[in-house]
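Novice: One structure coming up, written as structure tokens, with questions to follow.
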Amino acid sequence: MIFKTLMATRTTLLSPHHVEALNRIDLEFGATHRKEKEVIEAWKAYLDLLNDTSIPLDQWVTRRIDLLVELLHKMARVLSYEFDKTHIKNSSYYPRGYGELEEDQAAIRLGVKALLEGRLEIPMRITNLPRSNSSSGS
């Protein structure tokens, strides 16, 4: 089930299902069999990268994709699926609208955070002032 979840969510890395499946790898695969040990080693390499903030983002993203593909490929072999790395890497569907939605949500989240932290101000312009109701003949 972990492999199927990871394959289904390999383009939605922030999906709670994806994160949960990653965290279950140690429960499902052991170090007693050689192929399963390779899965654990691939998971450790991927996890090390996920927690590494010292790598430039463009290099990190490229490496993350490679390590996830490697992990999924090793899992596929253990589970007798015949997926090659190219298939794992390139055969998923992620609508452009999902990407745009994620970008919009991130921009809104960061904007609201900056506003609440006082790093951003809302520009305001008064266009219609109420007229004074004072009588001119008093």
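Novice: Sort through Asp26, Asp58, Asp48, Asp52 and tell me the only one that's within 25 Å of Gly97 (Cα to Cα) and among the charged types (D, E, K, R).
Specialist: Asp58
Novice: For region 75-89, which residues satisfy the criterion of being in contact (Cβ under 8 Å) with a residue 24 or more places away in the chain and among the β-branched types (Val, Ile, Thr)?
Specialist: Those that are in contact (Cβ under 8 Å) with a residue 24 or more places away in the chain and among the β-branched types (Val, Ile, Thr): Val78, Ile88.
Novice: Out of everything in region 1-11 that is touching an Asp or Glu at 6+ places or on another chain (Cβ under 9 Å) and surrounded by 15 or more Cβ atoms within 10 Å (Cβ to Cβ), what residue ends up being farthest from Val78 (Cα to Cα)?
Specialist: So, considering only residues that are touching an Asp or Glu at 6+ places or on another chain (Cβ under 9 Å) and surrounded by 15 or more Cβ atoms within 10 Å (Cβ to Cβ), the one farthest from Val78 (Cα to Cα) is Thr5.
Novice: Just to check your reading of the model, which residue among Leu101, Leu120 is surrounded by 10 or more Cβ atoms within 10 Å (Cβ to Cβ), part of a loop (DSSP other than H, G, I, E, B), modelled with pLDDT under 95 and hydrophobic (A, V, I, L, M, F, W, C)?
Specialist: Step by step, each of Leu101, Leu120 is checked, and only Leu120 is surrounded by 10 or more Cβ atoms within 10 Å (Cβ to Cβ), part of a loop (DSSP other than H, G, I, E, B), modelled with pLDDT under 95 and hydrophobic (A, V, I, L, M, F, W, C).
Novice: Further question: Applying the selection to region 51-78, what residues are among the aliphatic types (A, V, I, L, M) and surrounded by 15 or more Cβ atoms within 10 Å (Cβ to Cβ)?
Specialist: Of everything in region 51-78, those that are among the aliphatic types (A, V, I, L, M) and surrounded by 15 or more Cβ atoms within 10 Å (Cβ to Cβ) turn out to be Leu67, Leu68, Val69, Leu71, Leu72, Met75, Ala76, Val78.
Novice: Let me ask another. Please count how many residues of region 32-50 are under 21 Å from the mean Cα position of the chain (by Cα) and either of a type in the set (A, V, I, L, M) or exposed (fewer than 15 other Cβ atoms within 10 Å of the Cβ) (or both).
Specialist: Matching residues across region 32-50 total 7.
The values are calculated or read from the model by the stated rules, or taken from the named source; none is laboratory data. In this text the structure is predicted, and so the values were computed from the model without any measurement. A quick note on method: Cβ atoms are made from the backbone with ideal geometry, for glycine too, and the neighbour counts reach across all protein chains shown.
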